Amino acid sequence: MPKVELIGLKKIYDSGVEAVHDFNLEIEEGEFVVLVGPSGCGKTTTLRMVAGLEDITSGRLIIEGKDVTTMPPKERDIAFVFQNYALYSHMTVYQNMAFSLVLHRENSNLIHRKVLAAAEILGLTDQLNKKPKQLSGGQRQRVAIGRAIVRNPKLFLFDEPLSNLDAKLRNAMRRELLLLHQKLKATIIYVTHDQMEALTLADKIVCMSMGHVQQIGTPLELYYKPSNLFVASFIGLPPMNLIDVEVKADRIASPYFELPLDDKRKQLLKNHVGKMVVFGVRPEDIHEHGEISFRVTNNENLGQSTLVHGYLKNQKLVCKFRLWTNYRPNDIIKIGFNMDKIHFFDKDTTMAIR
Amino acid sequence: MARNWASIDKMKYKKDSLAFAFAVLGLIANVVYFALLYKNNSNFFYSYMMGISVIYNLVFMLIVFLSAEEVKTYHRNYSFVLFVLAGIQFFRIFFYPRRALKAEVITGDAYLRMAICLAVSGVFLLFAAIKSFWSSTILKRYLEGKIKTSADEV
């Protein structure tokens with residue numbers, strides 16, 4: 001039995017705006033599920049519906065086999081970690097972490113043990129007597145997480161917890177979250193608009209757009225087998241290059257290049273011969289020393305690799321080369337595509353052609 | 001028998017609110033005494049002694065408050081200060097109110113009210129002193145490793 005089931009969840013606000021449309025998801029015990037998508041796609045609304053902070057317009061929410069759709073938040077046994085930490089500034093770290101347990105009138109010795117155990121896990125033991133304003137952003141977020149941990153809830157909900165941190169701290173906290181999940185083996189639903197967070201943290205990613213679920217799968221599935229154009233363009237940094245091409249009997253043709261199709265691809269595209277499809281290739285699947293002319297506009301040297309931006313005639317393209325390159329603007333280089341890693345999408349339905 | 005580890009260890013992170021509360025109650029009782037003292041409409045007190053009395057009471061209350069803040073964080077030395085302050089409160093009963101009653105410048109009722117205020121203040125300060133002395137001693141000995149706790153037996 002799944003730990004959490006979201007069955008046909010729908011959220012329509014009083015204004016008539018449909019924020020979430022028919023959301024279905026099954027989450028197993030100990031699974032780390034990340035809801036990812038651009039701002040306004042409905043991921044936070046979904047999370048808030050799970051927490052009970054938003055009413056569910058229709059659909060059902062099941063936690064550990066119990067229907068909690070209409071249950072008040074305090075009875076759901078869920079911990080919510082907010083983006084802005086939501087710590088009590090007049091309380092010490094210890095008091096912040098103990099607060100929910102004090103409200104539940106738990107034994108003070110037991111509270112102490114739980115707080116110390118959580119502080120040990122989060123590396124906050126030396127900070128317990130400090131006030132939140134004396135802590136760094138990362139430490140504050142750890143306190144917020146600690147406050148959730150001490151309750152030992154059925155489900156952890158994280159709403160963009162790393163968004164307020166600088167890039168370096170965010171990377172560090174991301175690793176800590178991953179280690180924390182391995183230690184606690186907790187069931188987590190995590191919302192972010194940062195695809196790097198989604199790809200590195202998740203056991204399962206739910207990619208959303210405009211209130212609709214676009215794809216549910218493992219990070220690798222979303223990266224290597226995007227189900228539609230949205231997922232292909234959203235997941236990956238820089239995003240996948242998408243070019244309109246015409247399918248011919250034995251090749252694909254565009255104003256910029258023509259590529260022969262092997263038997264497997266011919267079979268794949270047999271129903272699209274004579275039609276336009278979208279050809280997709282990730283920047284890292286483009287290599288130098290090919291046969292297609294590419295005009296460089298600029299380089300972005302990232303240390304381990306170089307992003308080379310430019311044009312195939314008037315089609316914008318980004319390449320990611322492993323080596324450090326120093327092409328100059330308007331240099332013409334020859335590139336090629338790794339044909340094992342290319343993707344095709346139906347131009348009308350935007351769905352992947354498989 | 002070993003003491004419960006958590007019950008002592010949590011003192012590192014929690015304030016001694018009870019000792020603080022006792023000390024503040026002692027302070028409040030003194031404030032009431034202070035108000036009753038100057039409420040008496042008698043010339044007995046209208047002398048240079050009045051200024052000294054006002055300054056004394058203000059300084060006394062300031063020291064009580066500072067001691068209350070310190071015992072909240074288990075500063076044992078301030079529990080001794082509270083012992084002394086409690087003693088002073090009991091002693092004061094036999095100073096002004098008693099002398100004023102003997103001089104017949106206050107009534108028996110007024111004397112009783114003022115004496116009760118000082119006694120109550122003294123009792124609360126004594127409680128605060130005992131509580132803070134007890135807690136801070138336990139914490140000090142625990143931090144020095146001189147108390148055996150249940151965690152040591154595990």
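Within the listed set B:20, B:127, B:95, the residue fluctuating most in the Gaussian network model of chain B (springs between alpha-carbon atoms under 10 angstrom) is B:95. In the protein assembly as shown, taking the dipole from charged Cβ atoms about the Cα centre, the farthest positive-side position among A:84, A:45, B:132 is held by B:132.
GNM on chain A, alpha-carbon springs under 10 angstrom: the most fluctuating residue among A:283, A:72, A:161 is A:72. Largest GNM mean-square fluctuation among A:177, A:128, A:268, using chain A with Cα springs under 10 Å: A:268. Once both labels are positioned 7 Å from their Cα atoms along Cα-to-Cβ, the gap between residue B:90 and residue A:109 label points is 3.4 nm.
Using the Karplus relation 6.51 cos²θ - 1.76 cosθ + 1.60 with θ = phi - 60°, the per-residue 3J(HN,Hα) values for the range A:267-280 come to 4, 4, 9, 4, 7, 10, 4, x, 10, 8, 10, 9, 9, x Hz, with x marking Gly and Pro.
Our coupling estimate for the range A:30-47, obtained by passing each phi through the Karplus curve with A = 6.51, B = -1.76, C = 1.60 and θ = phi - 60°, is x, 7, 9, 9, 10, 8, 10, x, x, 4, x, 8, x, 5, 5, 4, 4, 4 Hz, Gly and Pro reported as x. On full extension, the segment bounded by residue B:55 and residue B:39 gains 4.1 nm, given 0.36 nm per residue less the C-alpha separation.
Sorted fewest first by neighbouring Cβ atoms within 10 angstrom, A:354, A:322 come out as A:354, A:322. Residue-wise HN-Hα couplings along the range A:91-105, as the Karplus relation 6.51 cos²θ - 1.76 cosθ + 1.60 with θ = phi - 60° gives them from phi, are 9, 6, 4, 4, 5, 4, 6, 7, 4, 5, 6, 5, 4, 7, 6 Hz; Gly and Pro carry x. A DSSP coil position with no more than 14 other Cβ atoms inside 10 Å describes the following GluC sites (Glu not before Pro) in the range A:1-99: A:28, A:29. For every other residue with a beta carbon closer than 9 angstrom to the beta carbon of residue A:9, add +1 if it is Lys or Arg and -1 if Asp or Glu, then tell me the sum. Result for the neighbourhood of residue A:9: +2.
Of the chymotrypsin sites (Phe, Trp or Tyr not before Pro) in the range A:220-311, not one is in a loop by DSSP (not H, G, I, E or B) with at most 14 other beta carbons within 10 Å.
Between the Cα long axis of helix A:167-184 and the first principal axis of chain A there is an angle of about 60°, rounded to the nearest 10. Ranking of A:70, A:125, A:44, A:187 by neighbouring Cβ atoms within 10 Å, starting from the fewest: A:70, A:125, A:44, A:187. For residue A:332 and residue A:91, the FRET efficiency from 1/(1 + (r/R0)^6), where r spans their Cβ atoms and R0 equals 51 Å, is about 0.20. Using a simple spin-label model with pseudo-atoms 7 Å out from Cα toward Cβ, residue A:323 and residue A:102 lie 6.4 nm apart.
Read the figures in this text as sums done on the coordinates, not as results from a lab. Bear in mind the structure is a predicted one, so any value in this text is a computation, not a measurement. Note that each Cβ is placed from the backbone with ideal geometry, even for glycine, and that neighbours are counted across all protein chains shown.
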